[in-house]
Each structure stands twice: as C-alpha cells, then as structure tokens.
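Structure, as structure tokens:
Rule-based calculations on the coordinates, nothing more; no lab input. If you're wondering where the values come from, they're calculated on a predicted model, not measured in any experiment. Quick reminder, even Gly has a Cβ in these numbers, built from the backbone with ideal geometry, and neighbours come from all protein chains shown.
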Amino acid sequence: MSKENSKHNTMRLRYRIMIPALLAAAAVNGQAPALHLDNYTIPVGKSGATVGNIYTPQGAAKGVQLAEDTSGLFAISKKGVLQLKKKVGIGADASMQYAVTLKAGDASESFILVKDEFHRNKIVAHRGAWKNNGGSQNSITSFRDAVRIGCEGSEFDVWLSKDGVPVLSHDPHIGGKSIEETPVAELTTIELKNGDHVPLFEDYIKEGMKQNKTRLVLELKPSKTGRGEQLAQTCMDLIRKYKCEAWMLYISFDYGICKKLVSIDPHAKVAYLNGDKTPEQLKADGIWGFDYNFKVIDKDPNIFKEARKNNVTVNIWTVNTPEQMSAYLNAGADFLTTDEPEKALEIVKK
C-alpha cells in the first residue's frame, strides 16, 4: 500500500470514529438550532466550491469561526460562507461524510456535510420501490430498493406513536392498531407483508445515511390527536441529532406542519400537499414548493408558469402511466412521485 493510500484510509477511519462521537454529543432540546446552513452538500470535482451560507434564527450569521474540521478541507470566506479551501476539491473516491463545528459568538452547531452524488432524475418512489419488488410500502426494504434502482428520492409516511416516537405507516392504523393510541413497543412488533417490521423514523435515518444517492422524502401525517406540530418538532430534533439535513426533503398535507418546519429551519425544503395554496401564497410563507395530485395540476394550465414566477418547486403525485410521466416532465415538473419508479426512470433515460 502506498503512503498516499495509507494516509487516505487513516483519514477515513478518523471520520468513522469522530462522526458517531459528534452525534453522541449533539444537544437537542426542542428548540431551533443556534446555527444552520442553506445547503449541506459538497460539490464534487470543484476546488474552492461553496458549501453553504450560515444563518442564525435571526438571519445571516456574522463573525463565524470554524471551530472544528478534522478533515482540514474547509474554510469560512470573508463573506462568511462555508466553502472548500482554495485549490482544494473532493473527488469521486473521497469520503462521503465530513463533520464540522461552526461557532458565532456564544452560538455553536455541528454539521455533517455530504459529498454530493445525489441523483437528479426527478423520480420519487412513492412509499419506496415496493410494487415491482415484492416489498412492503414504507419499509426499510422498499427504501433500499429505491436506492438500488437509482431514484432521486424515496417518500415515506410518519406518525407519532402514543408515547411520542415517529413511526412509519401510510394509514393511521396498522396491524389493527391505531398508531397515535399505541405505544411504540407494540407497533414495532407488527410484521409487514414482506417480513419487515414497522420501522421507526430513526431506523430510516440510519439507513439513509449509509448512501448519498437517494434523498429521504419525509411526509408528516396530519395528526388526529392535535399533535401535528409536536410531530414536526420531534422529527426535526431527530434530524438535528443525526445531522442528516443533507438527505432530507419534507412534505405534508397539514399547512401548520409545513409552517412549523420552516419556523425551525427556514431553509428546509418543505412542500405542501393539499392542493389549495397558490404558488404566490407558498412563497409568502417561505414554503419551498408544492406537491399536488395530478388532478389539481390538470385543472390549472398556468400552474407551472406561476410556480416558476414565484420560484417554488413542482412535484406531482401519484403519476403512474408513461403518458402522464412524459407530459409532466415535458411541462417542467421538478419531481414526479410514482408507484412505478422503474417505468419513470426508463422515460427519464430516453
């Protein structure tokens, strides 16, 4: 083994040791983070590339210092931007994750930055890639299959258990139990059709962070017990704990949940599902995009134009026929959510 390869492997080992230790030390207290970024991914093959602007809950952060950077690759520019050092870049063979700690006055926050190799093919697997793979919806296996076939995102649904733990299910009941009225210890014993058990959101985070190709599209379900904002806060606390912001996109039918997410992290990529807000309204509330059923899209021929005018993203669900897929992609959709991701990926490749 060459000295260069030995050094590279030593650095990889240091990251594996250091990142879990950083996570264990992370303080999560149900509050907005003291600092946050507007981006957590690192461009590949671009020396001195910008990673992200740095913010406090009040706005752009000032006087930011790089308190910890074990890799030695990063710097804070004169304009207060987190970036790779000049003449420093990362290649395809570089490590996937890098931990840094930023400090501004008394505020400090640690982050995991991720080498940006995420797919940009616009295809989101609806509840994972389950339909053509013998899997179960909202299972770890269906997520793995979405990663395997190369989807840009894999959508999944989350509720709070009776004791306040986010668990995955599309419906409010699973295995004959009401999720919001059942302790998590009972819910996780329920076996899905493919042999998986009902997963925790925390399980999904851990699985998602093993790769950097497919985003996690978290749907936060409207609470039937008035705990929508609690669900939002609990999920964001877990995301902050694991420092997995780079992987996350957010959607909800509950506009209050969407606004809660944005209040915690104004740069979170949040899209609204219910179909009753205009792009102008979404922009005014700091919502990143809409994720509307195709029937809503078909009723409004100007919706793509209005979305572009207001700089909000367009996701359409649930798009399952090749004709629909081609039409919406040609119209300029940013994402398609589908039960047929294999078909959609074939269309994208043409």
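Please say if the range 43-188 is rounded, prolate or oblate, where rounded means a/c under 1.5 for a ≥ b ≥ c the square roots of the C-alpha gyration tensor eigenvalues, and otherwise the choice is prolate for a/b larger than b/c and oblate otherwise?
Oblate, since a/c reaches 1.5 and b/c is not below a/b.
Which aspartates and glutamates, on any chain, are close to K241 with Cα under 17 Å apart, when same-chain ones fewer than 8 places away are left out?
E109, E202, D203, E207, D265
Nearest 20 debye, what's the magnitude of the dipole of the chain about its Cα centre given +1 on Lys and Arg Cβ and -1 on Asp and Glu Cβ?
Values: 46 positive and 42 negative charges, 305 e Å.
Once rounded to the nearest 20, the dipole reads 1460 debye.
Step through the table entries K62/K86; K115/K309; K131/K193; K162/K210; K79/K206; K260/K283, compare each Cα-Cα distance with 24 Å, and write down the pairs that go over it.
Check vs 24 Å cut-off fails for K115/K309; K162/K210; K79/K206.
Using only C-alpha atoms and all pairs of different ones, pull out the Kirkwood radius for the range 207-348 in Å with one decimal.
Numbers: mean 1/r = 0.0631 Å⁻¹.
Every distinct Cα pair counted, the radius reaches 15.8 Å.
Taking neighbour Cβ counts within 10 Å as the exposure measure, how do V147, V88 sort from fewest upward?
Working: V147 19, V88 15.
With the fewest neighbours first, V147, V88 line up as V88, V147.
Among K177/K243; K46/K243; K122/K177, which pairs are too far apart, with a Cα-Cα distance over 26 Å?
Numbers: K177/K243 32 Å; K46/K243 24 Å; K122/K177 35 Å.
Flagged as over cut-off: K177/K243; K122/K177.
Give me the distance in nm between label points sitting 7 Å out from Cα along the Cα-to-Cβ direction at N274 and N330, one decimal.
That separation, rounded to one decimal, is 3.4 nm.
Taking only Cα atoms and a 10 Å spring cutoff, compute GNM fluctuations for the chain and point out the largest among V124, V270, V51.
So, out of V124, V270, V51, the one fluctuating most is V51.
Given a cut-off of under 8 Å on Cα pairs at least six residues apart, what relative contact order in percent is computed for the chain?
In percent, rounded to a whole number, it is 14.
Could you calculate the contour length gain from N302 to H170, that is, 0.36 nm times the residue separation minus the distance between their Cα atoms, to one decimal place in nm? Walk me through the numbers on the way to the answer.
On the way: separation 132, 0.36 × 132 = 47.52 nm, distance 3.10 nm.
Once the chain is fully extended between N302 and H170, it gains 44.4 nm.
Report the convex hull volume per residue for the range 167-233, counting only C-alpha atoms, in Å³.
108 Å³
Which whole number of Å³ per residue matches the convex hull of the alpha-carbon atoms in the chain?
Values: hull volume 55.0 nm³, N = 350.
Hull volume over Cα atoms, normalised by residue count, gives 157 Å³.
How long is the gain from N53 to A67 if the chain were fully straight, where each residue apart is worth 0.36 nm and the alpha carbon distance is subtracted?
Here the answer is 3.4 nm.
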